[in-house]
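**Student:** Let me begin by handing over the structure; questions about it come next.
Only the coordinates and a few stated rules stand behind these numbers; no lab work does. Source: prediction; values computed, not measured. All Cβ positions, glycine included, derive from the backbone under ideal geometry; neighbour counts span all protein chains shown.
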Amino acid sequence: MTLGDAFRNLGKNPRALLIDRWNWKSALFSSVLRALIFLFANLPAGRRAAFGAMLAEFIYRAVSAGFYGAITQAFREVEPQWAAGIAVSVAIPIISHGLELTIHLLRGTPKIWTSITASVCFTVISTLFNLYAMRRGALVIGEGAQSMGADMRRVPRLIVGFVCVGPIAVYARLRPAAAAAWRGASDRLARKQY
């Protein structure tokens, strides 16, 4: 599936892709983790402010993160993989953090910029991780889904694989160049007169 196909599918049948496939696994994880981000970011403003920010974020994410998870899941079969990664790591933060900022501005969250900055960083990383996991059949709902327990047993290996993707990709791209540079250096050393 191409990136264009994924966007067209979302546009043609948003109900099936966003509501029928509302991803409760994403909603569960995101609401808990983001509530903690807002709690700790706002503790310097006092416990009451921190707990208020935490509760607002938990409620917002408990509802909305299932839609964002469904969007991520809709892009899991897009090729090339990097295009899917760019699409979800740009589109989802733009959509979700505009709403998030509005909610926290309206409620008067004191450490709003610290909170939003941490949340945006978390969104980019967690969205890319979710896409990585979903491409491998974990954290999905609907067809091909596994139980939450089965997904949780896979998470440690998925985290290791996700962390290693970047260095492995860089190594694979540089390997031919590194090998050529090594051969060139060793040839120069071999020709050097002492």
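**Student:** Kindly write out, for the range 92-98 in residue order, the coupling ³J(HN,Hα) from the Karplus curve 6.51 cos²θ - 1.76 cosθ + 1.60 (θ = phi - 60°), rounded to whole Hz, with x marking Gly and Pro.
**Tutor:** Karplus values, whole Hz, x for Gly and Pro: 5, x, 4, 5, 6, 7, x.
**Student:** Next up: Calculate one ³J(HN,Hα) per residue across the range 149-162 by plugging θ = phi - 60° into the Karplus curve 6.51 cos²θ - 1.76 cosθ + 1.60, and present them in order as whole Hz with x for glycine and proline.
**Tutor:** x, 5, 4, 5, 5, 7, 4, x, 5, 5, 4, 4, x, 5
**Student:** Let me ask something else. Once you list every other residue whose beta carbon is under 15 Å from the beta carbon of Q81, what net charge do they have if Lys and Arg are +1 and Asp and Glu are -1?
**Tutor:** +1
**Student:** Residue by residue through the range 25-30, which ³J(HN,Hα) values in whole Hz follow from phi under the Karplus form 6.51 cos²θ - 1.76 cosθ + 1.60 (θ = phi - 60°), with glycine and proline marked x?
**Tutor:** 5, 5, 4, 5, 5, 5
**Student:** Hey, another quick one. What angle do you read, to the nearest 10 degrees and between 0 and 90, between the alpha-carbon axis of helix 47-74 and the longest principal axis of the chain?
**Tutor:** Long axis of 47-74 versus the principal axis of the chain: about 60 degrees.
**Student:** For the chain, what does -39500 (n - 2.57) per DSSP helix run (n ≥ 4), summed and divided by total residues, give at 222 nm, in deg cm²/dmol to the nearest 500? Write out the running numbers ahead of the final one.
**Tutor:** Numbers: 6 runs with 152 residues, N = 194.
Taking each H run of at least 4 residues, the total per residue is -28000 deg cm²/dmol.
**Student:** What is the local net charge at Y68, summed over the other residues whose Cβ is closer than 15 Å to its Cβ (Lys, Arg +1; Asp, Glu -1)?
**Tutor:** The answer is +3.
**Student:** Can you give the net charge of the other residues whose Cβ lies under 15 Å from the Cβ of A45, counting K and R as +1 and D and E as -1?
**Tutor:** Net of charged neighbours comes to +3.
**Student:** Arranged by the count of other C-beta atoms within 10 angstrom, fewest first, what order do E143, E100 take? Kindly include the intermediate steps, with their values, before the conclusion.
**Tutor:** Details: E143 6, E100 25.
Lowest to highest Cβ neighbour count: E143, E100.
**Student:** May I ask you to derive the relative contact order of the chain, considering only C-alpha pairs under 8 Å and at least 6 residues apart, and to give it as an integer percent?
**Tutor:** 22
**Student:** Moving to a separate point now. Using only the Cα atoms of the range 22-64, what semi-axes does the equivalent ellipsoid have when each is the square root of 5 times a gyration tensor eigenvalue? Give whole Å, largest first.
**Tutor:** The equivalent ellipsoid of the range 22-64 has semi-axes of 22, 8, 5 Å.
**Student:** Neighbour counts of other C-beta atoms within 10 Å: give me W82, W24 arranged from fewest to most.
**Tutor:** Details: W82 10, W24 14.
By the 10 Å Cβ count, ascending, the order reads W82, W24.
**Student:** Still on this structure, please answer the following. Give me K12, K111 sorted ascending by neighbouring Cβ count inside 10 Å, so fewest comes first.
**Tutor:** K12, K111
**Student:** Here's something else I'd like to know. Checking a compactness column here: for the range 106-151, what do you get for Rg(Cα) / (2.2 N^0.38 Å), N being the number of residues? Show your work: numbers first, answer last.
**Tutor:** On the way: Rg = 15.4 Å, N = 46, 2.2 N^0.38 = 9.4 Å.
Ratio of Cα Rg to 2.2 N^0.38 Å: 1.64.
**Student:** Continuing with this model, one more query. Output needed for the chain: three equivalent-ellipsoid semi-axes, defined as square roots of 5 times the C-alpha gyration tensor eigenvalues, in descending order, whole Å.
**Tutor:** 38, 24, 16
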